[in-house]
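Where a number appears in this text, it was derived from the coordinates with a stated rule and is not lab data. It should be emphasised that the depicted structure is a prediction, and the values quoted were computed from it without experimental measurement. Counting neighbours? That spans all protein chains shown, and the Cβs are built from the backbone with ideal geometry, glycine included.
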Amino acid sequence: MPEPLARMSPSELAQLSDEQLEESLISYVSEIVCAAPNEIEALAAFPEAIQNWYPTAVLDIEVLNGGFNQFFFNSSSAYAEMLPDACRKVGIPEVGALVAEGTRLLTKHADALHAAEKAGTIDAFFATYIDAPFEHLDDQYAAREDEWHQCRVGYLRSVLDTLAHPR
């Protein structure tokens with residue numbers, strides 16, 4: 001894991017490997033955004049390129065950890081509406097299509113997720129996986145995870161000169 005970024009600057013980011021670049025930015029942005037009362041408003045204070053990239057990185061973490069079910073269960077679901085457009089801008093429109101399909105499926109599965117959230121137990125959350133409504137989306141996403149990663153990093157490299165943010 002790279003050293004935490006003291007601030008986000010193009011020169012500092014240019015020195016990082018592709019793997020370090022995404023890890024460092026996730027840590028930097030998450031620390032600020034997750035501490036805010038409203039994540040979406042906090043994200044809006046970042047450069048446009050980060051506003052596009054960050055939701056795609058959050059989606060990646062959630063889907064690879066627990067699938068679209070986890071993404072929609074957690075606070076990360078706040079990014080669902082903006083993700084199709086963000087994915088298009090980052091160069092992964094296919095991921096945006098998966099999110100859009102997941103959002104459509106969510107209308108059938110939302111009651112189960114809300115009930116699990118209300119119950120507040122890990123068992124209630126795990127029970128939401130029984131019907132596996134998002135499994136085919138998880139499989140499609142996971143099959144191309146390396147491609148998605150390369151596209152996200154390529155996008156960041158292409159906009160590196162715009163990535164400045166004082167802590």
Completion exercise
For ALA35 and LYS108, extending 7 Å from Cα along the Cα-Cβ vector and measuring point to point gives, in nm, a value of 4.3 nm
Handout entry: Exposure proxy order (Cβ contacts within 10 Å, fewest to most) of ASP18, ASP146
Key = ASP146, ASP18
Practice task
Rounding to the nearest 20 debye, state how big the charge dipole of the range 8-167 is about its Cα centre with +1 on each Lys and Arg Cβ and -1 on each Asp and Glu Cβ.
Solution key: 340 debye
Problem - the range 1-67 versus the range 77-120: alpha-carbon centroid distance in Å - result: 19 Å
Exercise for the section: Only Lys, Arg, Asp and Glu count, each charged at its Cβ (+1, +1, -1, -1), so figure out the dipole size of the range 1-82 about its Cα centre, rounded to 20 debye. Expected result: 140 debye
Problem - Computed helical MRE - 222 nm, the chain, DSSP H runs ≥ 4 contributing -39500 (n - 2.57), nearest 500 - result: -22000 deg cm²/dmol
Exercise for the section: Specify the residue with the greatest mean-square fluctuation among LEU21, LEU83, LEU156, computed from a Gaussian network of the chain linking alpha-carbon atoms under 10 Å apart. Expected result: LEU21
Handout entry: Inter-site label distance for GLU81 and ALA97 at 7 Å from Cα along Cβ, in nm
Key = 2.5 nm
Exercise for the section: Could you list which residues have their amide H under 5 Å from that of MET8, counting only those 5 or more apart in sequence or on another chain, with H placed in the peptide plane? Expected result: HIS165, ARG167
Practice task
Could you tell me which of rounded, prolate or oblate describes the range 1-67, using a ≥ b ≥ c as the square roots of the eigenvalues of the alpha-carbon gyration tensor, with rounded for a/c under 1.5 and, failing that, prolate when a/b is larger than b/c and oblate otherwise?
Solution key: oblate
Problem - FRET efficiency, 1/(1 + (r/R0)^6) with R0 41 Å, evaluated for ALA127 and GLU147 via beta carbons - result: 0.80
Completion exercise
The answer for the net charge of residues other than ARG88 whose Cβ lies under 14 angstrom from its Cβ, with Lys and Arg +1 and Asp and Glu -1, is -2
Exercise for the section: Using θ = phi - 60° and the Karplus relation 6.51 cos²θ - 1.76 cosθ + 1.60, list the HN-Hα couplings for the range 96-111 in order, rounded to whole Hz, with x at every Gly or Pro. Expected result: x, 5, 5, 5, 4, 5, x, 5, 5, 5, 4, 4, 7, 10, 4, 4
